[in-house]
């Protein structure tokens, strides 16, 4: 009898502590407010006095305002570029790969505009992912705020964004 009681208590304890984790499933669609902190390396190709092609390659970390969600605690890799005319650009574009803490990846493209060394704004498109995020779609509206550069040829910024996403119906 004692052995059965111990087994029952252990089973209930395991279910009570792991049940919510096992039952937790990512929402099929949703939105969030996130902050991404970016460090990128810049490569400039001047074309006369007023035009510069600026390419960049960098890394970031993402946190959600709620402390959970699709991109909370994700790392990010970005590659992009823009043609700058008289300090302004209308064609910042590139690709981002977000890597979630569970190792799954989410892919996005983006387009933005702004002034060098100042704020920028734009939109992104979530175009897919790996594993359980295969087929994910969505949009991202963002504002990017420049910080003081940490070194020559490097840019630092904070992006405040609102991603909205939808996972495909389960098969």
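Table for the structure above
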| item | result |
| --- | --- |
| Restricting segment 84-132 to residues that are touching a helix residue (DSSP H, G or I) at 6+ places or on another chain (Cβ under 9 Å) and assigned to a loop (DSSP other than H, G, I, E, B), the residue that is surrounded by the fewest Cβ atoms within 10 Å (Cβ to Cβ) | 103 |
| Filtered residues of segment 133-171 (kept if surrounded by 14 or more Cβ atoms within 10 Å (Cβ to Cβ), touching a residue at least 60 places away in the same chain (Cβ under 8 Å) and not in a strand (DSSP E or B)) | 167 |
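For (1) touching a helix residue (DSSP H, G or I) at 6+ places or on another chain (Cβ under 9 Å); (2) part of a loop (DSSP other than H, G, I, E, B); (3) touching a residue at least 24 places away in the same chain (Cβ under 8 Å), each residue gets a yes or a no:
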position: 30; (1), (2), (3): no, no, yes
position: 39; (1), (2), (3): no, no, yes
position: 42; (1), (2), (3): no, no, yes
position: 52; (1), (2), (3): no, no, yes
position: 56; (1), (2), (3): no, no, yes
position: 60; (1), (2), (3): no, no, yes
position: 67; (1), (2), (3): no, yes, no
position: 71; (1), (2), (3): no, yes, yes
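Each value in this text was obtained by applying a stated rule to the coordinates, not by laboratory testing. Since this is a predicted model, take the numbers as computed values, not measurements. Ideal geometry is used to build each Cβ from the backbone, glycine not excepted, and the neighbour counts take in all protein chains shown.
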